[in-house]
Structures are given as C-alpha cells and as structure tokens.
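Okay, so here's the structure we're looking at.
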Amino acid sequence: MDRRKKKLRGRRRNRLAFILLALMLIFIWLGAKNYMNMEGLGFPGSGDGGRLSACLEDLHSTSAALVDAGTGEKLGASGGSRRIYPASMTKIMTAVVALEHISGLDETITMPGDFYGQLYEENASMAGFEPGEEVSCRELLYGALLPSGAECCMAFAEKIAGSESAFAEMMNKKAQELGMRGTHFTNCTGLHDRRHYSTAKDMARLVVYALQNDVFRQAFTSRSCTMASTAFHPGGFTVTSTLFASLSDPSVPGGEILGGKTGYTEEAGLCLASLAVVNGKEYVLVTAGAPGDHQSEPYHVLDAVKVYGRIGENPG
C-alpha cells in the first residue's frame, strides 16, 4: 500500500513539474516575442507596427521607417529594424558631426589631395572641388548633402579628426548618444563596407535630430547651391540636389516633399531619407533596399511620393 502511495505521489510530482515547465516555456516564448517587437528590435521582415504602417505597404524598398519630424514618434515601419547598408545617407551623420565641431561656416579648408585617387577608383560621387582649392565649410556642407560629394566629407574628416577612421569613431560616438543601437560606421562617405551598417529606424532618428539644426535643415531642403569663385573655378559652379534631380514635381496630396538625401551602392540598393509636409504636419521617411541604380527609374523617390501621397489622401 505504501509503495502504491509513493508511486502516486511521484506521478503527481512529475505531472506538476511538467505543467510548471510548460508554463515556463510559454512565458519565455511570449517574453521573447514581445522583446523582438520592441522599438528598434523587430526581427527582419516584421511589420514593426505603427498607426501609419499601412502607408508603407507594397513599396519597392525592402526597409522603411516613418516618423513625426517634430517629435521623432514612430508612425510606421516595414522592415524598419532590418540591417541595411546606408550608402550616402551616411553623409547626414558626417554633416551632423562636422557642424558640431567646426568653428564656423565661413572657416575655409584647403582641399587635401591624398584621398582623390581612392575616391576616383571607387567611383564615388563628387561635388567638383579640386585638390588645393580653398573651400568654406558652408560650401563643403552643401557639397556633401546636395550632389553627395565624397571629397567634401573627406575634407571634413581630415580637418576635424585628422583621419577618416578617427572621424568614423566620432560618428559612432554620436550614434550611441542618439540611441542608434543598430548602427556602426567605418567611413564618412557611405562607400560599401560590410561593417558599415544601420537600420531605417536608426537613420530616421538621426534625421529628426539633424533637422533641429537650422543650418542643416536649410541645406537638406535646398534644391541647389552656387559655389564661390576660386582660382580653380573663376566663375564658380552650381551643385544640385540628387533628390530634386529625380523629382520634377515635389507636390503630393495635401503637401510637398521638402528635401532629402539619396544614396546608392550595388549592395545597398537605392536609399532615401526625406522630409515632407502633409496636411500641415512634417514627416521623415527613410527607405532602403529599392532595386535599380543611377540609370534606372528612381524607385526610392517613387516610394516616397507614394507614402506621402497615401498620408495626404487619408488624413487623420
């Protein structure tokens, strides 16, 4: 009899242990699922949530994040936490770090000649400044953001930090300060490096921060800029925004696209960080991973027009 009681007690203990283990596994699974969907930590390909996420459906871009330009509130995302190569959207961070470390916009920098060969070899986008040319920091800023001039970024990096690698560390420090947990920079231009990456959500966070600087905002939303006359360019020269070069009509239902920074490498696809005002409210949209290249249809720009148009057509 005692033996039978012991067996029954043993079976009950085993059943209880099994139930407790099952409950524990359920709680762990629910917790992990919730964690993976937290802000900035959604798993690749997830919708990421947000009340305007429907506006991001059926895009050419594989990653997208939409935020309130004034508050940084997440309004929608699709693959927003997926790791991307930011390409020339990188130059937004380069501009931010430069603006926070130069003594003034009228300060001039003599363009170094040591990096031009590498930039030409890698087919980097250039603004048009020549080695040895005296250029103001204001012109370097516009040269970096409008035509995506890599030489402008390199000039900032060497002037401020002494080298591109040291400047990249400053960029990473700023990224940490801004809570860009999925981001790591190895250069100031966005040329491809597998260790140089970000997310659409992180880049949107960066743009919201950068727009608080009036000088950055003015450059980011400019269509063109005419550079001063120098010995190398006696008549000066004019640079044009790569965004507006692909966007003849910036209007969208209820508003317009105000400005942005494009990006492209073969590995990154077509990328765009943009600012628009729709129905009196400003939005920042970052998209990445669209197919195509500089010769194809501007699918990154078409995505922006589609998203902002959807917002305008469905107010509230």
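The values are calculated or read from the model by the stated rules, or taken from the named source; none is laboratory data. A quick note: this is a predicted structure, and the numbers were derived from the prediction, not measured. All Cβ positions, glycine included, derive from the backbone under ideal geometry; neighbour counts span all protein chains shown. Heads up: the accessible areas ignore ligands, DNA and RNA and are worked out on the full protein's heavy atoms, side chains in. Shrake-Rupley method; radii C 1.70, N 1.55, O 1.52, S 1.80 Å.
Brief remarks follow.
- For region 83-103, the set of residues classified as farther than 27 Å from VAL278 by Cα and of a type in the set (Lys, Arg) consists of ARG83 only.
- Condition check for ALA200: surrounded by 19 or more Cβ atoms within 10 Å (Cβ to Cβ), touching a Ser or Thr at 6+ places or on another chain (Cβ under 8 Å), of a type in the set (Gly, Ala, Ser) and under 16 Å from ILE84 (Cα atoms): yes
- Enumerated strands (runs of 3 or more DSSP E) restricted to region 227-316, each holding at least 1 residues that are touching a His at 6+ places or on another chain (Cβ under 8 Å) and open to solvent by 20 Å² or more (accessible area, probe 1.4 Å): 255-265
- Any pair with Cβ under 7 angstrom, 6 or more apart, that starts in region 94-121 at a residue that is under 18 Å from SER148 (Cα atoms) and ends at one that is open to solvent by 30 Å² or more (accessible area, probe 1.4 Å) and aliphatic (A, V, I, L, M): VAL97/MET170; ALA98/ILE160; LEU99/VAL215; LEU119/MET126
- Within region 89-99, not a single residue is farther than 23 Å from ASN172 by Cα and out of contact with any Lys or Arg (no Cβ under 8 Å at 6 or more places or on another chain).
- Hey, GLU158 in contact (Cβ under 8 Å) with a residue 24 or more places away in the chain and part of a helix (DSSP H, G or I) or not: yes
- Of everything listed in (1) under 16 Å from the mean Cα position of the chain (by Cα); (2) free of Cβ contacts under 8 Å to residues at least 60 places away in the same chain, the single unmet condition for LEU191 is (2).
- Filter pass, ALA268 being among the small types (Gly, Ala, Ser) and either more than 30 Å from HIS192 (Cα to Cα) or touching a residue at least 60 places away in the same chain (Cβ under 8 Å) (or both): yes
- Evaluation of GLU169 against (1) open to solvent by 20 Å² or more (accessible area, probe 1.4 Å); (2) under 28 Å from THR226 (Cβ atoms) (one fails), failing number: (2)
- Filtered residues of region 203-224 (kept if under 18 Å from GLY80 (Cα atoms) and open to solvent by less than 30 Å² (accessible area, probe 1.4 Å)): MET203, ALA204, LEU206, VAL207, VAL208
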